[in-house]
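First the structure, in the form of structure tokens, and then the observations on it.
The values are calculated or read from the model by the stated rules, or taken from the named source; none is laboratory data. Source: prediction; values computed, not measured. Here the Cβ is made from the backbone with ideal geometry for all residues, glycine too, and neighbour counts use every protein chain on show. Ligands, DNA and RNA are excluded from the accessible area calculation, which covers all protein heavy atoms including side chains. Shrake-Rupley method; radii C 1.70, N 1.55, O 1.52, S 1.80 Å.
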Amino acid sequence: MARKDPGPQVDRRKFLTGVAAAGAATAAATMSTPVARAAEPAPAPRVPSALRPTLQVAAAETETPRETTNRIGGRPGSDFMVDVVKTLGIKYLPANCASSYRGIHESLINYGGNKMPEFLTCMHEESAVGMAHGYFKIAGKPLMTLCHGTVGLQHATMAIYNAWCDRVPVIVVGGNDMDAATRPPGVPTFHAAQDINALVRDFTKWDDTPVSLAHFAQSFVRAYKIAMTPPCGPVMISLDAGLQQEVIRNHGDKLAIPRYVPTAPPQGDSGAVKEAARLLAEAQNPVIVADRAARTPNGIKLLVQLAETLQARVIDQGSRVNFPKTHYLSAPPTAVSGADVILGLELSDFWATVNSYTDNGENGGIGANGTRIKPGTKLISISSVELNTKSNYQDFQRFQVIDVPMAGDAEATLPALIEAVKAAIPGSKKGAIEQRGQAAKKAHAEAEARTKQAAALAWDASPISTARLCAETYAAVKDLDWSIVSQSGNVSNWLNRLWPLSEHHHWIGRSGGYGVGYGAPASVGAALANRDAGRFSVNIQADGDLMYAPGVLWTAAKHKIPQLAVMHNNRGYHQEVMHVQRLSNFRNRPANYGPDMGPVGTRIENPDIEYHKLAESMGWWAKGPIKDPAQLGSALKEAVKVVQAGQPALLNVWTQPR
Amino acid sequence: MKRAVLLLAVLGASQAALAAGSAEKGKTAYAQHGCWQCHGFAGQGGITGPKLAPDPMPLEALLAFVRNTRGAMPPYQKAILSDADLADIHAYLQSLPKARDYKSIPLLNP
Ligand SMILES: Cc1ncc(C[n+]2csc(CCOP(=O)(O)OP(=O)(O)O)c2C)c(N)n1
Ligand SMILES: [Mg+2]
């Protein structure tokens with residue numbers, strides 16, 4: 001990094017020149033006899049040593065202030081960086097270690113005492129970001145991660161993309177040794193780039209490359225603030241290795257750290273809120289659809305209030321727990337078909353909410369589109385994402401015309417909308433609204449009975465049905481303060497259909513970008529937040545998902561993050577099993593299964609992975625494979641006890657495909 | 001109209017196979033042709049496909065559906081799945097036990 005002003009005090013370069021001169025004379029002796037250094041007169045420039053002094057040696061040598069006697073001749077810049085980080089109350093720092101950030105790494109654990117944030121040893125950068133993602137969904141607070149700005153960031157990218165699509169803040173800091181003239185040759189140069197942030201610029205909200213410590217302070221606080229302002233999202237800071245390692249030169253001014261003041265989230269325009277309220281109040285059958293509406297537990301309360309005011313059914317698309325599944329107004333996705341007004345709250349895909357797509361190979365192979373709503377249905381949208389779109393990645397989905405579109409945060413807009421709806425409901429409508437509620441109650445009760453009857457199918461089958469897997473697991477934890485820390489588990493939605501999801505922490509929702517490999521690390525991050533809150537974490541863990549980076553199991557054991565992982569081991573990348581089967585059928589060719597149960601390249605069998613052994617080898621309590629449903633209940637009981645005692649536990653359960 | 005004609009053609013062609021269903025062979029065919037992928041090993045269904053058992057639709061209807069569907073299920077033509085295999089699959093589906101009443105399962109009534 002080109003720092004413009006070398007500063008008035010001991011300059012690293014001059015200092016090093018002195019070291020080099022002294023070193024040239026005595027190199028041979030000092031390399032082989034480092035202990036002799038203790039006899040040298042202080043405070044002359046130190047002679048280079050093959051060994052770094054330990055803290056104790058350094059302290060024994062030091063009678064005078066540390067700034068002038070340590071090797072670098074002052075306080076390292078990364079100490080100040082830690083001061084900045086500490087102002088933001090970031091509790092954990094999951095990361096995989098790398099030399100491009102060794103400066104701040106050392107400061108964090110030695111100067112910063114490894115607290116706020118506490119370093120969590122991760123075995124893959126994707127795991128680190130996935131953990132931060134899952135943590136936020138329970139704690140509502142962001143974590144930061146550090147990585148090699150090139151190779152580490154390349155590993156981290158998919159997880160950053162998921163966080164972007166899921167509107168989750170993560171502060172990613174990549175080490176990068178920018179000064180080509182001074183950085184070490186070889187590996188550190190391979191691991192440097194002009195602009196590491198370019199790699200993730202398309203799916204981060206903001207990025208910066210601070211060139212001074214004062215700049216770092218502003219960048220970091222700004223990054224935190226931008227990440228946390230709805231729509232939330234990941235941010236990226238490129239952290240120069242030189243800046244971390246050089247001494248603080250403050251030119252007599254105290255380095256300032258800006259105070260973090262959260263930005264109030266944007267609300268929908270008041271005129272549009274009024275128009276939306278009028279449409280909803282006068283509707284025959286208004287339906288509410290929510291995806292990321294409840295950013296906080298209060299969002300659920302507000303949505304219940306709005307739904308009850310209108311007696312409108314609510315479809316929860318489930319990127320968060322938006323609405324209690326137990327509420328009689330909770331409705332399935334098909335409920336849009338009878339609506340005359342639909343209110344979409346933070347939907348990631350409004351088009352697919354009101355249209356259908358059938359992957360049937362028709363129309364030259366592209367499939368068939370259809371509408372799922374009546375003609376003339378009025379559409380209202382409140383979405384903060386309209387304020388933050390980018391061009392490259394297509395997470396904005398297909399274009400949908402909306403009658404009343406609002407750029408604003410749904411949760412922040414709901415109070416005004418509720419008041420406006422109350423004011424807009426004509427007295428003559430009250431009876432009809434009440435009747436709507438009665439019909440919804442009946443529909444909800446009937447749906448519940450149908451769901452349970454469907455769950456009873458294949459109840460005794462082996463491998464174990466996904467409905468039974470979820471029902472057994474619920475029975476094992478229902479009296480605890482539970483939280484589901486898996487994305488969906490790919491278990492035919494049985495978690496959502498059978499568990500009484502009603503609180504914000506009851507489920508972390510989906511990954512956002514459907515980048516597989518999110519499930520395991522997100523579960524560990526969410527379990528960490530639950531551990532601190534005294535809750536019990538349950539993870540229905542898909543097999544394929546786990547194997548992208550199973551080292552996160554070790555991180556959980558290492559840092560004593562308990563969770564009950566119940567594997568949905570369908571012995572395959574089942575989604576892809578079906579895709580290749582589908583295409584084989586369309587093309588009228590028998591699918592080539594090779595020696596397996598499904599198309600070549602999609603199955604995880606021959607040999608079977610012994611997940612229980614994998615977990616056990618990394619410090620988990622584990623059992624399996626469990627194939628007989630009659631054995632599941634007792635194994636779950638055992639595992640729950642282990643988790644309650646603070647150890648993560650995994651059951652390797654062989655399951656039906658979905 | 002076009003669909004009805006097609007359906008009739010299929011029904012005509014498959015008469016010979018109709019009687020030959022073997023549940024045991026059907027179990028194998030059900031696995032080998034990937035029906036389990038979307039409908040479950042016990043035909044219980046899930047988010048990826050509806051339940052097929054117990055009480056499967058009549059064989060004629062099943063044949064017509066599997067050959068000609070233009071919905072969310074990819075059709076199986078004769079080139080990849082014979083009428084005889086489908087008749088066996090039907091026999092297998094018919095052999096699957098009735099579902100238990102959910103009210104009799106304590107875990108489904110927590
Ligand atoms: C990073 C990444 N690679 C590949 C895919 C394609 N993909 C989608 S689902 C899936 C299978 C995942 O397997 P598993 O987690 O076991 O779930 P299952 O489908 O078996 O229920 C794959 C490979 C993806 N979405 N993301
Ligand atoms: Mg799988």
Spelling it out for A:TRP482: with amide H atoms placed in the peptide plane at 1.01 Å from N, the residues 5 or more places away or on another chain with amide H under 5 Å from its amide H are A:PHE536
Expected vector for region A:616-628, Karplus 3J(HN,Hα) from phi with 6.51, -1.76, 1.60 and θ = phi - 60°, integer Hz, x for Gly and Pro, equals 4, 5, 10, x, 9, 7, 8, 8, x, x, 9, 10, 9
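Could you tell me what percent of the DSSP beta bridges with both partners in chain A are antiparallel, to the nearest 5? Please list the in-between numbers first.
On the way: 6 of 62 bridges.
Approximately 10 percent, going by the DSSP bridge assignments.
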Each label sits 7 Å from Cα toward the beta-carbon; between A:ASN298 and A:ALA449 the label points are separated, in nm, by 4.1
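Roughly speaking, what is the stretch gain from A:LEU387 to A:SER99, that is 0.36 nm per residue apart minus the C-alpha to C-alpha distance, in nm to one decimal? Mind dumping the intermediate values first?
Details: separation 288, 0.36 × 288 = 103.68 nm, distance 3.73 nm.
Gain in length upon complete extension: 100.0 nm.
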What the 5 Å binned alpha carbon P(r) of region A:270-448 shows, as percent of pairs per bin from 0, is 1, 8, 17, 21, 21, 15, 8, 4, 2, 1, 0
Farthest towards the positive end of the dipole of region A:137-235, among A:LEU143, A:PHE220, A:MET178 and with Cβ unit charges of +1 on Lys and Arg and -1 on Asp and Glu, lies the Cα of A:LEU143
For region A:368-383, in residue order, the Karplus 3J(HN,Hα) values (coefficients 6.51, -1.76, 1.60; θ = phi - 60°; whole Hz; Gly and Pro = x) are 10, 10, x, 9, 10, 10, 6, x, x, 4, 8, 10, 10, 10, 10, 8
Residues meeting the amide H criterion for A:SER381 (H placed from the backbone, H to H distance under 5 Å, 5 or more places apart or on another chain) are A:GLY344, A:VAL404, A:MET406
Between the residues A:GLN244, A:GLN194, A:ASN285, the Cα farthest towards the positive end of the dipole of region A:153-287, that dipole coming from +1 and -1 charges on the beta-carbon of Lys, Arg, Asp and Glu, is from A:ASN285
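Assign unit charges at the C-beta atoms only (+1 for Lys and Arg, -1 for Asp and Glu), then state the dipole size of region A:601-653 relative to its Cα centre in Debye, rounded to the nearest 20.
Working: 6 positive and 6 negative charges, 30 e Å.
Here region A:601-653 has a charge dipole of around 140 debye.
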Note: A:ASP460 to A:ALA423 extended length (0.36 nm per residue) minus current alpha-carbon separation gives 7.9 nm
Taking only C-alpha positions in region A:202-248, Rg and Dmax in angstrom work out to 11.7, 37
Counting sequence-distant residues (5 or more places) and residues on other chains, those with an amide H built under 5 Å from that of A:ARG313 are A:ILE288
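Evaluate the relative contact order of chain A (contact order divided by residue number), counting alpha-carbon pairs under 8 angstrom at least 6 apart; express in whole percent.
13
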Contact-by-burial set, region A:565-611, min loss 50 Å², accessible area of protein heavy atoms with 1.4 Å probe, reference chain alone, gives A:MET578, A:ARG582, A:ASN585, A:ASN588, A:TYR593, A:MET597
Between the residues A:VAL82, A:ASN369, A:PRO258, the Cα farthest towards the positive end of the dipole of chain A, that dipole coming from +1 and -1 charges on the beta-carbon of Lys, Arg, Asp and Glu, is from A:PRO258
The answer for region A:340-391, accessible area per residue at 1.4 Å probe in Å², is 44
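So how much accessible surface do B and A hide from each other in total, probe 1.4 Å, in square angstrom to the nearest 100?
3100
If you take the square roots of the eigenvalues of the alpha-carbon gyration tensor of region A:355-397 and sort them as a ≥ b ≥ c, do you get rounded (a/c under 1.5), prolate (a/b over b/c) or oblate?
Cα axes put region A:355-397 in the oblate bin.
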Looking at region A:430-465, residues buried by 20 Å² or more relative to their chain on its own, accessible surface at probe 1.4 Å, turn out to be A:ALA449, A:LYS452, A:GLN453, A:ALA456, A:LEU457, A:ALA458, A:TRP459, A:ASP460
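What is the diffusion coefficient of chain A in µm²/s, taking the Kirkwood radius over Cα pairs and the Stokes-Einstein relation at 10 °C with a viscosity of 1.306 mPa s? Before the final figure, lay out the partial values.
Working: Rh = 27.4 Å.
So the translational diffusion coefficient is about 58 µm²/s.
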Under 20 Å by backbone N from the virtual spin label 7 Å along Cα-to-Cβ at A:ASN363, the residues of region A:382-402 are A:394-402
Taking every other residue with Cβ under 10 Å from the Cβ of A:ALA549 and scoring Lys and Arg +1, Asp and Glu -1, one gets -3
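To the nearest 20 debye, what is the magnitude of the charge dipole of chain A about its Cα centre, counting +1 on the Cβ of each Lys and Arg and -1 on the Cβ of each Asp and Glu? Present the calculation step by step, with values, prior to reporting the outcome.
On the way: 66 positive and 58 negative charges, 133 e Å.
In total the dipole reaches around 640 debye.
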Descending accessible area (1.4 Å probe), largest on the left, turns A:ASP543, A:ASP349 into A:ASP349, A:ASP543
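Work out which chymotrypsin sites (Phe, Trp or Tyr not before Pro) in chain A are exposed loop sites (DSSP not H, G, I, E or B, at most 15 other Cβ within 10 Å) and give the longest gap free of them. Before the final figure, lay out each step's value.
On the way: sites that count: A:TYR260, A:TYR393, A:PHE396, A:PHE399, A:TYR514.
Counting at most 15 other Cβ atoms within 10 Å as exposed, the longest clean stretch of chain A is A:1-259.
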Working note, region A:85-254: Cα radius of gyration (Å, one decimal) and Dmax (Å, whole number) are 14.8, 45
Between the modelled labels at A:VAL401 and A:HIS215 (7 Å from Cα along Cα→Cβ) the distance in nm is 4.9
Looks like region A:79-127, by Cα gyration tensor root eigenvalues a ≥ b ≥ c and the a/c under 1.5 rounded cutoff (else prolate when a/b is bigger than b/c, oblate otherwise), is oblate
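Compute the accessible area per residue over region A:168-264, keeping the other protein chains in place, probe 1.4 Å, unit Å². It would help to have the intermediate numbers written out before the result.
Numbers: 3930 Å² over 97 residues.
Spelled out: the 1.4 Å probe surface of region A:168-264, per residue, equals 41 Å².
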Neighbours of A:LEU498 by Cβ distance under 12 Å: Lys/Arg at +1, Asp/Glu at -1, summed charge +3
Taking protein heavy atoms only, a 1.4 Å probe, and rounding to whole percent, the accessible area of chain A owed to carbon and sulfur comes out at 55
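Mind putting a number on the dipole of region A:85-254 about its Cα centre? Charges go on the C-beta only, +1 for Lys and Arg and -1 for Asp and Glu, and I need it in Debye to the nearest 20.
Details: 14 positive and 14 negative charges, 124 e Å.
Taking the Cα centre of region A:85-254 as origin, the dipole is about 600 debye.
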Phi-derived 3J(HN,Hα) across region A:233-249 with the Karplus relation (6.51, -1.76, 1.60, θ = phi - 60°), rounded Hz, x for Gly and Pro, is x, x, 10, 9, 10, 8, 10, 5, 5, x, 4, 5, 8, 6, 6, 6, 10
